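Data block below; observations after.
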Amino acid sequence: MSKIKVLTISDHPLAPSGVGTQTKYMCEALLNSGKFQVLSLGGAIKHANYNQVKVEPYGDDWRIIPVDNFGTQDQIRSILRNEKPDILWFMTDPRFFGWLWEIENEIRALVPMVYYHVWDNYPVPMFNRQYYLSNDVVTTISKVTDDIVKQAAPEVERHYVPHAVMSEVFKPLTPEQIENIRKESLPPEDQDKVVFFWNNRNARRKQSGTLIYWFKEFLDKHDLHDKAQLIMHTDPNDPHGQPLAHLIETLGLDQRQVLLSTAKIPPEQLAALYNMADCTINISDAEGFGLATLESLSCGTPIIVNMTGGLQEQVLHNGKQFGIPIWPSSKAIIGSQNVPYIYEDRMTKEHFISALFKMFSMGAEGRRALGAEGRQHVETNYNFNDFQQKWVDLMESIHERYGSWDTRKEYNRIRFQEVA
């Protein structure tokens with residue numbers, strides 16, 4: 001039996017972004033089943049060249065074509081005719097795929113479209129309804145996103161497939177291993193500090209500047225300049241963010257109260273940073289899922305998060321907490337020409353500083369116990385093996401039920417519309 005060929009469109013699957021990482025995990029799940037081939041359009045990054053590459057150890061079964069943005073209509077038309085994929089799978093914010101849905105009638109006449117949907121918040125975006133209806137299947141990254149699609153387009157087939165992390169890589173280390181990592185990574189005067197970790201893109205909604213300002217006030221208020229430290233793993237000069245080194249110097253936090261980690265590191269080293277930390281923070285005002293905090297919980301390190309988007313289900317489940325949730329003090333409706341309305345969930349400085357001090361005062365044993373429950377939460381509700389099997393089963397089912405090319409089913413290009 002020939003393999004099912006899947007065309008994916010997303011961030012480059014080998015890029016470190018959340019979208020890229022989850023695309024990579026999905027592709028590998030399909031490939032490791034032995035039932036699929038994958039051709040990926042890798043976008044959203046600047047490419048050194050546009051040569052097609054084969055990903056080892058999969059060889060011809062997984063090829064990546066670098067594209068600008070996420071590709072063009074003509075590229076899709078060409079690939080459809082020359083490669084004859086059986087399924088088109090694509091992922092990220094719908095704002096980036098209007099061009100693709102414009103030729104939905106051409107694509108879906110040949111293959112089913114499967115959209116892995118990212119959306120951050122309410123109110124229900126009825127302006128996205130036309131996009132949801134332009135797919136055979138919508139898969140959703142969070143419970144918030146799933147409920148939004150359910151309300152906006154209940155007639156569309158929908159599946160909740162939350163993000164997952166490789167728990168054999170992002171795993172708790174022993175106290176001895178953590179002590180050795182601290183000795184290797186920090187000078188003696190820092191090794192006993194309570195370390196707060198932040199791993200995000202330095203961008204507006206991530207609130208990087210706010211974090212630095214409020215962390216200083218936390219240190220000032222509780223006289224903890226020599227007892228607590230913030231490590232920010234990010235690009236401090238991202239054009240979409242703030243000049244973090246300048247903020248640190250201006251606020252007098254250049255005595256190792258706030259450190260910048262700027263090197264691109266492999267997952268194993270990132271897992272070591274999560275283990276070295278006492279707590280991981282995410283105070284974004286909008287967050288589709290927030291992969292870093294899930295990685296942190298998988299390593300047994302508790303989190304402090306704004307109760308927005310996918311962060312909510314990570315920190316709270318069935319009444320149990322796996323860190324400290326901070327409920328928004330206000331929900332501002334913001335928007336643009338492309339996104340007419342969406343909530344920005346904003347917290348207060350007082351609530352954030354209180355959460356930092358509560359985590360600090362918990363002590364090493366309290367934080368360790370909270371983190372252990374977080375690890376169990378990840379293994380139960382975001383199990384990586386379940387994630388992989390769910391994608392394999394779902395894509396097989398889609399191929400069987402919807403077909404492709406000569407076996408295409410369940411799609412009719414004829415639409416009836418009442419004319420007054």
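The values are calculated or read from the model by the stated rules, or taken from the named source; none is laboratory data. Here the structure is a predicted model, which is why all the values come from computation and not from measurement. Glycine also receives a Cβ, built like all others from the backbone with ideal geometry; neighbour counts cover every protein chain displayed.
Miscellaneous remarks
Yes or no, residue by residue, for (1) out of contact with any strand residue (DSSP E or B) (no Cβ under 7 Å at 6 or more places or on another chain); (2) in contact (Cβ under 8 Å) with a residue 12 or more places away in the chain; (3) closer than 26 Å to Phe218 by Cβ; (4) surrounded by fewer than 21 Cβ atoms within 10 Å (Cβ to Cβ):
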site	(1), (2), (3), (4)
Ser261	no, yes, yes, yes
Lys264	yes, yes, no, yes
Pro267	yes, yes, no, yes
Ala277	no, yes, yes, no
Gly288	yes, yes, no, no
Glu295	yes, yes, yes, no
Ile304	no, yes, yes, no
His317	yes, yes, no, yes
Pro340	yes, yes, no, yes
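- Selection from segment 81-95 of residues that are over 16 Å from Thr139 (Cβ atoms) and in contact (Cβ under 8 Å) with a residue 40 or more places away in the chain: Glu83, Lys84, Pro85, Asp86, Arg95
- Set side by side, the residues Glu287, Glu350 differ, and just one is within 17 Å of Val165 (Cβ to Cβ) and of a type in the set (D, E, K, R), which is Glu287.
- Candidate set from segment 336-351 (those that are of a type outside the set (Ser, Thr, Tyr) and either within 10 Å of Pro125 (Cβ to Cβ) or not assigned by TED's automatic domain parsing to the domain that holds Lys206 (or both)); member that is farthest from the chain's Cα centre (by Cα): Pro340
- Among the residues here, Leu273 qualifies as surrounded by fewer than 23 Cβ atoms within 10 Å (Cβ to Cβ), among the hydrophobic types (A, V, I, L, M, F, W, C) and not in a loop (DSSP other than H, G, I, E, B).
The rows are residues; the columns are (1) surrounded by 18 or more Cβ atoms within 10 Å (Cβ to Cβ); (2) among the hydrophobic types (A, V, I, L, M, F, W, C); (3) under 17 Å from Ile4 (Cβ atoms).
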position: Val67; (1), (2), (3): yes, yes, no
position: Ile76; (1), (2), (3): yes, yes, no
position: Ile79; (1), (2), (3): yes, yes, yes
position: Asn82; (1), (2), (3): no, no, no
position: Leu88; (1), (2), (3): yes, yes, yes
position: Met91; (1), (2), (3): yes, yes, no
position: Arg95; (1), (2), (3): no, no, no
position: Ile103; (1), (2), (3): no, yes, no
position: Glu106; (1), (2), (3): no, no, no
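- Qualifying residue in segment 319-334 (condition: surrounded by fewer than 16 Cβ atoms within 10 Å (Cβ to Cβ) and under 22 Å from Ala29 (Cα atoms)): no
- Among the residues making up segment 290-300, a single one is in a loop (DSSP other than H, G, I, E, B), at pLDDT 95 or above and either closer than 14 Å to Pro162 by Cβ or small (Gly, Ala, Ser) (or both): Gly300.
- Considering only residues in segment 1-34 that are farther than 15 Å from Met91 by Cβ and hydroxyl-bearing (Ser, Thr, Tyr), the one that is surrounded by the fewest Cβ atoms within 10 Å (Cβ to Cβ) turns out to be Ser2.
- Residue match in segment 391-412 (condition: closer than 24 Å to Lys216 by Cβ, more than 22 Å from the chain's Cα centre (by Cα) and among the small types (Gly, Ala, Ser)): no
- Looking across Gln37, Gln22, one residue alone is assigned to a strand (DSSP E or B) and either in contact with a helix residue (DSSP H, G or I) (Cβ under 9 Å, 6 or more places away or on another chain) or modelled with pLDDT under 95 (or both). It is Gln37.
- Beta carbons closer than 8 Å, at least 6 apart along the sequence or on distinct chains, pair a first residue in segment 239-258 that is in contact (Cβ under 8 Å) with a residue 24 or more places away in the chain with a second that is of a type in the set (Asp, Glu) and not in a loop (DSSP other than H, G, I, E, B) for Arg256/Glu189; Arg256/Asp190.
- Residue among Leu297, Leu251 that is under 15 Å from Ile212 (Cβ atoms) and in the same structural domain as Tyr341 (by TED's automatic domain parsing): Leu251
- Taking the conditions (1) touching a strand residue (DSSP E or B) at 6+ places or on another chain (Cβ under 9 Å); (2) without any contact (Cβ under 8 Å) to a residue 60 or more places away in the chain in turn, Gly371 satisfies each one other than (2).
- Residue check for Phe215: on the phi < 0 side of the Ramachandran plot, out of contact with any Cys (no Cβ under 7 Å at 6 or more places or on another chain) and surrounded by 14 or more Cβ atoms within 10 Å (Cβ to Cβ): yes
- The combined condition, being outside the structural domain of Ala15 (by TED's automatic domain parsing), buried (at least 16 other Cβ atoms within 10 Å of the Cβ) and not aliphatic (A, V, I, L, M), is not fulfilled by Pro243.
- Helices (runs of 4 or more DSSP H) (entirely within segment 301-420) containing at least 2 residues that are in contact with an Asp or Glu (Cβ under 7 Å, 6 or more places away or on another chain): 349-361, 384-402
- Number of positions in segment 143-163 that are in contact with a Phe, Trp or Tyr (Cβ under 9 Å, 6 or more places away or on another chain) and within 19 Å of Val392 (Cα to Cα): 4
- So His225, is it touching a Leu at 6+ places or on another chain (Cβ under 8 Å), part of a loop (DSSP other than H, G, I, E, B) and modelled with pLDDT under 95: no
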